[in-house]
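In what follows, a single structure is set out as structure tokens and then discussed.
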Amino acid sequence: MSTDVEGGAIIESKAALIAHLASGCKPKSQWRIGTEHEKFVFRRKLNAPVPYEGSDGIRTILERLKAFDWKPVIDEGNIIGLSRNGASVSLEPGGQFELSGAPLQNIHETCSEVGGHLSEIRAVCENLNIGFLGLGFTPDWKFDDIPMMPKPRYKLMREYMPKVGSLGRDMMFRTCTVQANMDFSSEADMIKKFRVSLALQPIATALFANSPFTEGKPNGFLSFRSQIWTDTDNARAGMLPFVFDDNFSFDAYVEYALDVPMYFVKRGGHYVDATGRDFRKFMDGKLEVLPGERPTEQDWVSHLSTIFPEVRLKTFLEMRGADSGPWSRICALPAFWTGILYNQTALDAAWDLVKDWTAEERQALRDGAPRLALNTPFRQGKLQEIAIRAVSIAREGLKARGKELSLEKDETQFIDELSEIAETGVTAAERLLEHYHTAWGGDVSKAYTCCAF
């Protein structure tokens, strides 16, 4: 890299792109856990989406949160997020609130962070009659009823999505997820963790399945949020079978990322429409919308953030398979992956579990989990049996970490709910469907009480 310009140093070679990913390598003592979770914001009286403007709008909520020492993030004159001590609050296109947590040492800290965030948003919304909903897909809102947040890149994405898939706009405006960000120590460690987490991502999808409704009725899926990703933009999503090739490396991921079409480039505080363009051409100074310009470090970082496979590589690994849900399951996702990926014995056991799965079997699990969850067929049995083993491996890994608040409270407590789901084979989505067909009397609006934070 050479001369600094807006967005960092200009990238002069592919080696710099590889070096950026490799810079994430760190010793085990420095491994941290990052947790991101989204929730729908709704007006309680009407169970309706909340617009950006207005006395009870998203802007007002963000402005009120500044009282808790959050610093505003401004984009073209609008407050569109907040930052504080390594954490951030941001807005998804339809006003979904996302907390991107700080890198933390253990799940107890994660639990405290999430709980503190929920206390803050409840406090600022107490007299606004605003609620927050923990589901993977909005139960009854139609796409045209959802206001778009004033982030210019969302306009670019909204217009581009129908060109590359039929469900991209649904992903943008009507889904919520919980994600976990995990570190690695070396390229070899990254590769093993990437392979294990990709193979097991359908198990996370099944365990966290929580999106069975669309526009007031059952949609035929248990995780419709996950299904949406199968027809959002297949050039930037999926199970990445090349990760299991013998020659997989940081270099190989860079080659993949270079071929993923771009969304935008930010220059002078404004977004330049680069949808569908080639980052390789950008590297050569041949990007049509910015002739002669070459990418900066920040352009590469931004481009990596617009790639959406089931597991995403940045300077960490991001687990992307789970629906959003109640407070208890927000903490369960990072606990599940921490137990598996941050203890060598557990990681080895997880690799032994998945190492002989074929690409076709991994894809079949990915295809089946959104509809059938733990009942997805696998070899002579079903996904539930794999989930039971995976949760058990995670439990042992957490136990071995020894991160205890007291004799009775180590990190294993955070996956108790997952153990119950795996053992019974009954997901949150199936329980919601049971309520819908019985106590709710077919009235999906009851979800706004049942699933609200």
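Nothing in this text is a laboratory measurement; each read-out follows from the coordinates by a stated rule. Quick caveat, the model's predicted, so the values are computed rather than measured. For neighbour counting, all protein chains shown are included, and Cβ atoms are generated from backbone atoms with ideal geometry for every residue, glycine included.
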In debye, nearest 20: dipole of the stretch 16-66 around its Cα centre with unit charges on the Cβ of K, R (+) and D, E (-)? 220
Kirkwood radius from Cα pairs of the chain plugged into Stokes-Einstein at 20 °C, 1.002 mPa s, gives D in µm²/s equal to 95
Answer in debye to the nearest 20: the dipole magnitude of the chain about its Cα centre, from +1 Lys/Arg and -1 Asp/Glu charges placed on Cβ, is 460
Which of the three applies to the stretch 239-398, rounded, prolate or oblate, going by the alpha-carbon gyration tensor with a ≥ b ≥ c and a/c under 1.5 meaning rounded? prolate
So, with points 7 Å from each Cα along the Cβ direction, the S392-D231 label distance in nm works out to 3.9
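Could you give the size of the charge dipole of the stretch 1-88 about its Cα centre, using +1 on the Cβ of each K and R and -1 on the Cβ of each D and E, expressed in debye and rounded to the nearest 20?
Magnitude of the dipole: close to 620 debye.
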Computed E for T345/K45 - FRET, C-beta separation, R0 30 angstrom, nearest 0.05: 0.05
Cα gyration tensor, the stretch 68-220 - rounded (a/c under 1.5), prolate or oblate: rounded
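Could you tell me which of the pairs K163/K314; K71/K314; K45/K446; K14/K286; K14/K281 are separated by over 22 angstrom between their Cα atoms in the structure shown?
Cα-Cα > 22 Å for K163/K314; K71/K314; rest within.
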I need to check one value: relative contact order of the stretch 55-202, counting alpha carbon pairs closer than 8 Å and at least 6 residues apart, in percent. 19
Signed unit charges on C-beta, dipole axis of the chain, positive-most listed residue S197, L133, T306: L133
Would any residue of the stretch 256-278 have its amide N under 20 Å from a label point 7 Å out along Cα→Cβ of E76? List them or say none. 262-277
Positive minus negative residues near P147 (Lys, Arg vs Asp, Glu; Cβ under 15 Å): +3
Describe numerically, in nm with one decimal, the distance between label points set 7 Å from Cα along Cα→Cβ at S445 and at D367. 4.0
Given Cβ charges of +1 for Lys and Arg and -1 for Asp and Glu, the option among P147, F213, M182 whose Cα lies farthest towards the positive end of the dipole of the chain is P147
Sum of side-chain charges, A199 neighbourhood, beta-carbon under 12 Å (Lys, Arg +1; Asp, Glu -1): +2
Checked against the positive end of the charge dipole of the chain (+1 on Cβ of Lys and Arg, -1 on Cβ of Asp and Glu, about the Cα centre), the farthest of T315, G269, L365 is G269
Restricting to Cα pairs below 8 Å that are 6+ residues apart, what does the relative contact order work out to for the chain? Please round to a whole percent. 21
The chain - mean residue ellipticity at 222 nm from DSSP helices (-39,500 (n - 2.57) per run, n ≥ 4, rounded to 500): -12000 deg cm²/dmol
In whole angstrom, how far apart do the alpha carbon centroids of the stretch 144-196 and the stretch 356-374 sit? 21
Overall form of the stretch 378-453 per C-alpha gyration tensor (a/c, 1.5; a/b vs b/c): oblate
So which lysines pass the test for K382, namely a Cα distance under 22 Å, with those fewer than 8 places away in the same chain ruled out? K355
Descending semi-axes in whole angstrom, ellipsoid equivalent of the stretch 117-175, from the Cα gyration tensor: 27, 14, 10
So how do 250-259, 440-449, 210-219 stack up, highest first, on mean other-Cβ count within 10 Å? 210-219, 250-259, 440-449
Take the Cβ-Cβ distance between E63 and T306 as r, set R0 to 25 Å, and report the resulting FRET efficiency rounded to the nearest 0.05. 0.30
